[in-house]
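As C-alpha cells, the structure follows; a few thoughts come after it.
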Protein chains: 2
Amino acid sequence: MSHIPWPVPEPVLPSDVDPVLAHATRAAVRAFAEARRVHDRAALAEKVQIGADGTPTMRLDILVDTAVAEAANAHKVNLLSEEIGSIDNGSAVTLVVDPVDGTANAAAGVPLSAFAGVVAVDGVPKEALTCWLDTGRCWHAVAGRPTPYRTSGRRELDGAAVSLLRPHGPDDNAWWRITKRAARVRILSSSCIEAALVAEGSTDAFADAGSDTHRIMDLAAAMVTVPAAGGAVLDVHGRPLEIDPDLTRRWSGVVAASRELAEELASTIKEAL
Amino acid sequence: MSHIPWPVPEPVLPSDVDPVLAHATRAAVRAFAEARRVHDRAALAEKVQIGADGTPTMRLDILVDTAVAEAANAHKVNLLSEEIGSIDNGSAVTLVVDPVDGTANAAAGVPLSAFAGVVAVDGVPKEALTCWLDTGRCWHAVAGRPTPYRTSGRRELDGAAVSLLRPHGPDDNAWWRITKRAARVRILSSSCIEAALVAEGSTDAFADAGSDTHRIMDLAAAMVTVPAAGGAVLDVHGRPLEIDPDLTRRWSGVVAASRELAEELASTIKEAL
C-alpha cells in the first residue's frame, strides 16, 4: 500500500477563535500531516486498539488524538474525545473533539476528513470549529454571536438535497425512503463536513437514517454552528443531545436547514424504521 | 440565495501538460472563479438552455464552456464539449471536455467539482487532465507514459470501497446489490473526481449502476488515467467507449482498480438490472 502524496495545508483560522481551540486545531493538523508523511495507507488504517467509544481505533486516530490531548492538558482543560475518552483536569471547560471525522476517508486518501472541536462550559457547548483537514478550510461559530453562515432555509423534504450516512442494515428501509423523496443524495462519509455544508447553505440536510451510529462528537460542532445559521439539529427519536462522558451513547442525528425540515426528516425516518 | 464565499485557487499544473490542455484548464478555472464571484447560487444553477447532450444546461456550465471554446478556437483545435457540443476547426486534435463535472455540487457550493479535459488525436485519447476546481489539485496522465498513480489493485467486489452515482430508478436494484456487497459506499456526485480517486488508489471503484447517465466526457479522462495506473474502464453492457460527436450516446461506466473488479462490477450490475 502506498503513501498519500497530497500536502496537508495549515488551517485558515479566524482571528477570534478561542486560544485553546486554536491550539488544539493546529496540533491536530500537524499530527495529521505527520501521520500521512510517515505511514502508508495500510498503516494509517490499521486497527490498533478499542477506543473509548467502544469501536476499533485506527492508528491515524490515535496519533491525532494524542496530539489534541497534549494541547488540552497544556491548557488544563478537560477533554472528551472519541478515542482517548474523558480526561478530567478539574476545569469548568471541556474540549469535545472528533480528532479525525471521516477517518476511513482520511486513511484511504479520499480528501474529505475534518477535525471538529467544541468548547463546552459546564456541559454547554459555546464555540465550535470544524477544520477540513485536506484543505485547511475552517467553519467557526460562537453561540449567541452572529455568524457569516446562513442555511438554505429549505422547509420540505420533497426535492431537497440530503446527505446521508451509508445504509447500515437496520436503517435500510428509512434510508431508501429518504433517498426517493430527496432530489439529490450524497454520501461524503464525513459527518462534520456534511453538517458544515448545511450551515453554509450548500446542502439542505444531513442525517443518520436511524442506524444510531452518531456519537456526541459527530454532532457537537453542528449543535453550535447550524442553529446559529438558522437551521436545527435533533435526534430521530427525540433523545436530548448531551455532552456526556459516557461514550457508549449513540444518536441518529438530523442536521437540517430549518426546524421544519429536521422534523419532517426525523418523522419520515421514524415511520420507516 | 447567497454567493459561495470560498476562493477558487489557481490550478497546480504539472510542467509537461500539453499547452492547449493547460490553456483550456486555466481558462476554465478563471471562468469558474468569475462565475462564482458574480452570480449567487440560484443564478449559477439556473437552467438557461438545452445543452448539446440534450440535458438542461446551467448558467455555470455555459460560462465555463464558453471560455474553454475560446481557448480551443485560439489554438485551432476541435472541441467536443458537454454543452456547446462539437466545434470542427479542421484539426486532427480534438479537445474533449467536461467543463464543470459535478455542476450541481459546484452551483450549490458542495466543494467537489472538476474540469476534465482530454487531448484526442484522430479520435484516440492521448492525454488527460482532471482539475479539482475547489482546490486546484490536478491529476495528469499521458497514454503510454509512466504515471505517479497506482490503483489499489483490488480484484473483488466483496469488501471493496465503491463510489456510485445516486440511484436513478431503473438501476435501483443493481444499485442496492452493489451497496450490500461493498464495504464502503460513497456518492460524491463528481464522476471525474471519483475516477481520479480510483486511479490514485484512494478508492477501489466508481460505477454508474446501469442508469446510462454517463456521456463520453464523464469517462474520457478516466480512459487515459486509470489504465495507466493499473486499473480498467468499461461499460456495463460492453459497448465500446468511443469519442463521438453524437452526444446523445450514453454509457454506464465502470472505473475500477483492476480488470477483474471492473468485470465483476459490470456482471453484477447486468444481472440485477
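The values are calculated or read from the model by the stated rules, or taken from the named source; none is laboratory data. Keep in mind that this is a model prediction, so the values were computed, not measured. Here the Cβ positions follow ideal geometry from the backbone for every residue, glycine too, while neighbour counts run over all protein chains shown. Note: areas computed on protein heavy atoms with side chains; ligands, DNA, RNA excluded. Shrake-Rupley method; radii C 1.70, N 1.55, O 1.52, S 1.80 Å.
Does A:Ser189 satisfy the condition of being open to solvent by 10 Å² or more (accessible area, probe 1.4 Å), small (Gly, Ala, Ser), farther than 19 Å from A:Ser152 by Cα and facing chain B (nearest Cβ under 9 Å)? Don't jump to the end; show me each part of the working.
Working: open to solvent by 10 Å² or more (accessible area, probe 1.4 Å): yes; small (Gly, Ala, Ser): yes; farther than 19 Å from A:Ser152 by Cα: yes; facing chain B (nearest Cβ under 9 Å): yes.
The answer is yes for A:Ser189.
Condition check ((1) open to solvent by 10 Å² or more (accessible area, probe 1.4 Å); (2) within 14 Å of chain B (Cβ to nearest Cβ); (3) of a type outside the set (Ser, Thr, Tyr)) across all residues:
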residue: A:Ala229; (1), (2), (3): no, yes, yes
residue: A:Val233; (1), (2), (3): yes, no, yes
residue: A:Gly238; (1), (2), (3): yes, no, yes
residue: A:Val255; (1), (2), (3): no, no, yes
residue: A:Lys270; (1), (2), (3): yes, no, yes
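Please enumerate the residues belonging to segment B:147-158 that are among the β-branched types (Val, Ile, Thr) and either more than 11 Å from B:Gly230 (Cα to Cα) or within 11 Å of chain A (Cβ to nearest Cβ) (or both). First the steps, then the outcome.
At the first step, the residues of segment B:147-158 found to be among the β-branched types (Val, Ile, Thr) are B:147, B:151.
Scanning segment B:147-158 gives a single hit, B:Thr151.
The single condition from (1) in contact with a Gly (Cβ under 8 Å, 6 or more places away or on another chain); (2) at pLDDT 95 or above that A:Ala107 fails is (1).
Look at segment B:75-95: where a residue is in the same structural domain as B:Leu247 (by TED's automatic domain parsing) and charged (D, E, K, R), no partner that is assigned to a loop (DSSP other than H, G, I, E, B) and open to solvent by 10 Å² or more (accessible area, probe 1.4 Å) sits 6+ places away or on another chain with Cβ atoms under 7 Å. Only one of the listed residues (B:Asn89, B:Asn78, B:Asn105) is more than 21 Å from B:Pro14 (Cα to Cα) and either crowded, with 24+ Cβ neighbours inside 10 Å or basic (Lys, Arg) (or both). That residue is B:Asn105. In the set (1) in contact with a strand residue (DSSP E or B) (Cβ under 8 Å, 6 or more places away or on another chain); (2) open to solvent by less than 30 Å² (accessible area, probe 1.4 Å), A:Asp171 fails one condition alone, (1).
Against the numbered list (1) over 16 Å from the mean Cα position of the chain (by Cα); (2) open to solvent by 30 Å² or more (accessible area, probe 1.4 Å); (3) at the interface with chain B (Cβ under 9 Å from one of its Cβ atoms), A:Ala161 comes up short only at (2).
Among the candidates A:Glu242, A:Glu260, the residue that is assigned to a helix (DSSP H, G or I), more than 13 Å from chain B (Cβ to nearest Cβ) and more than 20 Å from A:Cys131 (Cα to Cα) is uniquely A:Glu260.
Give segment A:209-218 a look and list any residue that's of a type in the set (D, E, K, R) and within 12 Å of the chain's Cα centre (by Cα), or say none. Talk me through it step by step, then tell me what you get.
Of the residues in segment A:209-218, the ones of a type in the set (D, E, K, R) are A:212, A:215, A:218.
Within segment A:209-218, A:Arg215, A:Asp218 qualify.
Just to be sure before I move on: is A:Asp204 within 11 Å of chain B (Cβ to nearest Cβ), open to solvent by 10 Å² or more (accessible area, probe 1.4 Å), of a type in the set (D, E, K, R) and over 14 Å from the mean Cα position of the chain (by Cα) in the structure I sent? Steps first, answer last, please.
Numbers: within 11 Å of chain B (Cβ to nearest Cβ): yes; open to solvent by 10 Å² or more (accessible area, probe 1.4 Å): yes; of a type in the set (D, E, K, R): yes; over 14 Å from the mean Cα position of the chain (by Cα): yes.
Yes.
Which of the residues belonging to segment A:116-141 are within 12 Å of another protein chain (Cβ to nearest Cβ) and either surrounded by fewer than 24 Cβ atoms within 10 Å (Cβ to Cβ) or not in a strand (DSSP E or B) (or both)? Steps first, please.
Here is the first cut: in segment A:116-141, the ones within 12 Å of another protein chain (Cβ to nearest Cβ) are A:132, A:134-139.
Once the filter is applied, which keeps residues that are within 12 Å of another protein chain (Cβ to nearest Cβ) and either surrounded by fewer than 24 Cβ atoms within 10 Å (Cβ to Cβ) or not in a strand (DSSP E or B) (or both), segment A:116-141 yields A:Asp134, A:Thr135, A:Gly136, A:Arg137, A:Cys138.
Considering (1) part of a loop (DSSP other than H, G, I, E, B); (2) open to solvent by 10 Å² or more (accessible area, probe 1.4 Å); (3) within 14 Å of chain A (Cβ to nearest Cβ), the lone condition that B:Gly144 does not fulfil carries the number (3). Within segment A:147-165, being of a type in the set (A, V, I, L, M) and in a loop (DSSP other than H, G, I, E, B) holds for A:Leu157, A:Ala160, A:Leu165.
Among residues of segment A:29-41 that are within 13 Å of A:Trp6 (Cα to Cα), those with a Cβ under 6 angstrom from a residue that is open to solvent by 50 Å² or more (accessible area, probe 1.4 Å) and assigned to a helix (DSSP H, G or I), sequence gap 6+ or separate chain, pair up as A:Ala35/A:Leu63. Filtered by the rule that a residue be touching a Cys at 6+ places or on another chain (Cβ under 7 Å), surrounded by 19 or more Cβ atoms within 10 Å (Cβ to Cβ) and within 14 Å of another protein chain (Cβ to nearest Cβ), segment A:1-41 gives no residues. Once segment A:99-115 is narrowed to residues that are away from chain B (no Cβ under 14 Å) and out of contact with any Cys (no Cβ under 6 Å at 6 or more places or on another chain), the residue that is nearest to B:Ala160 (Cα to Cα) is A:Val100.
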